[in-house]
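Visitor: Sending over a structure as structure tokens; questions will come in a sec.
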Amino acid sequence: MVAPGCGRCTYVMTKTAANQPLYLVTGATGKTGSRVAALLDAAGHAVRRGSRTAEIPFDWTDRDTWGPALAGVDAIYLAFQPDLAVPGAPDTIRAFAAAARAGGVGSVVLLSGRGEPEALECEAAVRESGLAWTVVRCSFFAQNFSESAFVGDVLAGVVALPNGDVPEPFVHADDIAEVAVAALTDASHAGEVYELTGPRALTFAEGVAEVAEATGREIAFVPLTRPEFVTALGELGLPGPEIALLDYLFGTVLDGRNSAPADGVQRALGRAPRDFTQYAKEAAATGVWTPQ
């Protein structure tokens, strides 16, 4: 008999009775995790959302939450917060993968970056875990312009960033989610490394120009040096570790190494990736860039 209010036990019983796989989506309130969970829900799958505020809380910094969140889970979408590049991330990923394997989880889909040494180390930890695995390496998210990072700058009419002349094949978060769900629900994707990008590369300055065109507003792009960028972040009151991470990512991810578009979306889904122009038009239509 399951006691009333025992959310974890009730969920596991429901899953067993329905003979459904149970999917744990970490980062379930983030750009990709929220989309992955929504797609799984829409397809009728059993989903456990992994976040600090969930009914069964999950917190990367509190390992006591891992066991209850993993109980009864068959497959995991692993989106580590704040980023695979932070110090200690590979050790955390290795420990979490070991806990998942010990708890009976069968497979994991890892959200990764494109070429950062720390991300590659985290990928190795997952590959060596004994779990079936799929890696989705992602370029810079198009949604960074409309969800969190740069939306305030777009609204203010000025986006100031370093590396503004480096091309980047921005990837649509919906494409990431669709590839992740395919990998979670179809074992034929096991052992694959998918590099997910948009169909073409454009600079941040060009991306801002497309956003401006989609909104019908004037939005300027102002190039910064990395020291100027760090100073600006400090003036915004960001904590030191977050500033260091952003500076590292802009200096590493956006150094030109990832400028070439890749074929991961085509290989995984059998279709072309969404283009940045499509993204900008869709985002503008929501009113997210309309000053109030």
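What follows draws every value from the coordinates through simple rules; no lab data is involved. What you see is a predicted model, and the numbers here were worked out from it, not measured in a lab. Ideal geometry is used to build each Cβ from the backbone, glycine not excepted, and the neighbour counts take in all protein chains shown.
Visitor: Check residue 222: other-chain or 5+ apart residues with amide H under 5 Å from its amide H, H built from backbone geometry?
Guide: It is 159, 160, 161, by chain and number.
Visitor: Counting helices only, and only those DSSP H runs with n ≥ 4, report the 222 nm mean residue ellipticity of the chain as the sum of -39,500 (n - 2.57) divided by its residues, in deg cm²/dmol to the nearest 500.
Guide: That calculation yields -12500 deg cm²/dmol at 222 nm.
Visitor: For the stretch 221-288, state which chymotrypsin sites (Phe, Trp or Tyr not before Pro) are in a DSSP loop and have at most 16 other beta carbons lying within 10 Å of their beta carbon. Intermediate results must be reported in sequence, preceding the final value.
Guide: Values: sites: 221, 229, 248, 250, 276, 279; in loops: none.
Filter output for the stretch 221-288: empty list.
Visitor: Could you give me the ³J(HN,Hα) list for the stretch 149-165, computed from phi with Karplus coefficients 6.51, -1.76, 1.60 and θ = phi - 60°, whole Hz, x at Gly and Pro?
Guide: 2, 10, 4, x, 5, 4, 4, 6, x, 9, 10, 10, 8, x, 6, x, 9
Visitor: Hey, what D do you get for the chain in µm²/s if you plug the Kirkwood alpha-carbon radius into Stokes-Einstein at 4 °C and 1.567 mPa s? Display every interim value, and only then the final one.
Guide: Details: Rh = 20.0 Å.
Approximately 65 µm²/s, per Stokes-Einstein.
Visitor: If you plug each phi of the stretch 48-63 into the Karplus form 6.51 cos²θ - 1.76 cosθ + 1.60 with θ = phi - 60°, what whole-Hz ³J(HN,Hα) values come out, in order, with x for Gly and Pro?
Guide: Listing the rounded values in order: 10, 7, x, 7, 5, 9, 6, 4, 10, x, 10, 9, 4, 8, 10, 5 Hz.
Visitor: Could you check the spin-label model distance between residue 232 and residue 38? Points 7 Å from the Cα along Cα→Cβ, value in nm.
Guide: Placing both labels 7 Å beyond Cα along the Cβ direction yields 2.9 nm.
Visitor: Oh, and also: Of all DSSP beta bridges in the chain, what percent run antiparallel (nearest 5)?
Guide: Of those bridges, close to 5 percent are antiparallel.
Visitor: I'd like the distance separating the alpha-carbon centroids of the stretch 191-250 and the stretch 95-170, in whole Å.
Guide: 15 Å
Visitor: I'd like to know how the stretch 239-292 sits against the 2.2 N^0.38 Å rule of thumb: what's its Cα Rg over that expected value?
Guide: So the Cα radius of gyration is 1.63 times the expected 2.2 N^0.38 Å.
Visitor: For the stretch 141-292, place one equal point scatterer on every Cα, skip the solvent, and apply the Debye formula. What is log10 of I(q)/I(0) at q = 0.13, 0.20 Å⁻¹?
Guide: Values returned for q = 0.13, 0.20 Å⁻¹ are -0.65, -1.27.
Visitor: While we're looking at this one, here's another question. Based on the alpha carbons, how large is the Rg to Rh ratio for the stretch 110-219 when Rh follows Kirkwood?
Guide: Numbers: Rg = 16.5 Å, Rh = 15.5 Å.
Reported Rg/Rh (Cα atoms, Kirkwood Rh): 1.06.
Visitor: With springs only between Cα atoms under 10 Å apart, run a GNM on the chain and tell me which of 236, 184, 269 wobbles the most.
Guide: For the chain, modelled as a Gaussian network with Cα springs under 10 Å, the answer is 236.
Visitor: Please check the chain for the longest run free of trypsin sites (Lys or Arg not before Pro) that are loop-located per DSSP (anything but H, G, I, E, B) and have at most 15 other Cβ atoms within 10 Å.
Guide: 53-199
Visitor: Using the Karplus curve 6.51 cos²θ - 1.76 cosθ + 1.60 with θ = phi - 60°, work out ³J(HN,Hα) for each residue of the stretch 234-243 in order, rounded to whole Hz, and write x for Gly and Pro.
Guide: x, 5, 7, x, 5, x, x, x, 5, 4
Visitor: Going by amide H atoms built from the backbone, whose H comes under 5 Å of the H on residue 77, apart from near neighbours?
Guide: Here 24, 25, 26, 109 satisfy the definition.
Visitor: Please list the non-local residues whose amide H lies under 5 Å from the amide H of residue 168, H modeled 1.01 Å from N, same-chain partners needing a gap of 5 or more.
Guide: Sorted by chain and number, the residues that satisfy this are 202, 203.
Visitor: Calculate how steeply helix 7-18 sits against the longest principal axis of the alpha-carbon atoms of the chain, using the helix alpha-carbon long axis, and give the answer as 0 to 90 degrees to the nearest 10.
Guide: Rounded to the nearest ten degrees, it is 70.
Visitor: How much space per residue, in cubic angstrom, does the convex hull of the C-alpha atoms of the stretch 51-195 take up?
Guide: Hull volume over Cα atoms, normalised by residue count, gives 131 Å³.
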